Amino acid sequence: MQKVLILGAHGQIARLVERNLLEDDIQQRLFLRRASRLKKIDVSKQEVFEGDATKVSDLTKALADVDLVYANLAGEIVAEAEALVEAMRATHVKRLIWISTLGIYDEVPGAYGKWNHEMLDGGYLETYAAAAKVIEDSGLAYTIIRPAWLTNYDEISYELTPKGTAFKGTEVSRKSVADLVAKIILAPEKYIGASLGVNKPHTDGPKPSWY
Ligand SMILES: NC(=O)c1ccc[n+]([C@@H]2O[C@H](COP(=O)([O-])OP(=O)(O)OC[C@H]3O[C@@H](n4cnc5c(N)ncnc54)[C@H](OP(=O)(O)O)[C@@H]3O)[C@@H](O)[C@H]2O)c1
């Protein structure tokens with residue numbers, strides 16, 4: 001059975017992916033800080049690993065027998081990218097799904113692109129861009145995912161834009177991103193070397209609808 005290491009397993013998108021994958025023939029290793037927060041797991045398909053994703057030693061241990069890594073991280077994102085690349089190289093694990101954000105290539109056009117810069121410049125967008133570059137330069141079989149502004153709407157509706165094309169739309173639900181991640185975990189030969197913008201169709205505008 002394929003084993004996936006989920007980094008940031010208590011994160012909002014990650015928890016949706018974990019629930020989705022319980023229906024499939026996938027073994028999940030849930031990597032998180034303060035593991036006591038995970039109250040309920042399915043021991044037939046899930047195991048818990050307490051660790052810090054900035055620590056190469058924690059990641060290296062967690063990567064034992066893993067086929068694929070899904071990183072749903074935040075915070076010290078450059079340090080996490082660097083530590084993960086080092087640990088994956090050392091353990092010869094190659095396949096990685098990396099959650100990033102819209103705007104890291106300045107690919108968001110028009111008024112929304114300007115608004116996104118105003119909201120995210122000054123520490124967030126720059127570090128997410130630098131982390132994505134670490135992943136792209138790693139030689140790993142990566143897929144980078146760049147979601148639009150996230151909602152918790154109970155809907156799955158999304159389209160993809162490849163790197164090198166303008167970002168579309170303004171928003172997307174976490175459920176949609178989780179659906180895409182689970183689909184890639186189940187078909188890991190897809191989207192290798194891709195960096196995918198993810199948005200809900202027909203949500204173009206100067207900012208997300210709730211702002
Ligand atoms: N909000 C938006 O509109 C938007 C849009 C595009 C992209 N994004 C990005 O998409 C990503 C996923 O979104 P989400 O809603 O699932 O985020 P989330 O709920 O904040 O999940 C991120 C997870 O990263 C974990 N983490 C941070 N540093 C860690 C470390 N050193 N070691 C282990 N785990 C660590 C956090 O763990 P703890 O619980 O221990 O802190 C948290 O569970 C985030 O990077 C977010 O910035 C957000």
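Structure notes:
- Filtered residues of the range 12-50 (kept if surrounded by fewer than 18 Cβ atoms within 10 Å (Cβ to Cβ), of a type in the set (A, V, I, L, M) and not in a helix (DSSP H, G or I)): Leu22, Leu38, Ile41, Val43, Val48
- With respect to the stated conditions, Ala83 fails to be assigned to a loop (DSSP other than H, G, I, E, B) and out of contact with any strand residue (DSSP E or B) (no Cβ under 8 Å at 6 or more places or on another chain).
- Some residue of the range 176-196 being touching an Asp or Glu at 6+ places or on another chain (Cβ under 7 Å) and basic (Lys, Arg): no
- Put simply, of Ala9, Ala64, Ala53 the only residue that is of a type outside the set (Val, Ile, Thr), in a loop (DSSP other than H, G, I, E, B), within 15 Å of the ligand (Cβ to nearest atom) and out of contact with any Lys or Arg (no Cβ under 8 Å at 6 or more places or on another chain) is Ala53.
- Qualifying residue in the range 95-114 (condition: in contact with a Phe, Trp or Tyr (Cβ under 7 Å, 6 or more places away or on another chain) and free of Cβ contacts under 8 Å to residues at least 40 places away in the same chain): no
- The condition (being touching a strand residue (DSSP E or B) at 6+ places or on another chain (Cβ under 9 Å) and either among the small types (Gly, Ala, Ser) or closer than 20 Å to Ala130 by Cα (or both)) is satisfied by just one residue among Leu73, Leu30, Leu21: Leu73.
Coordinate-derived values only; no laboratory data. Keep in mind that what you see is a predicted model, and the values were worked out from it rather than measured. Using ideal geometry, Cβ is built from the backbone for each residue, glycine included, and neighbour counts are taken over all protein chains shown.
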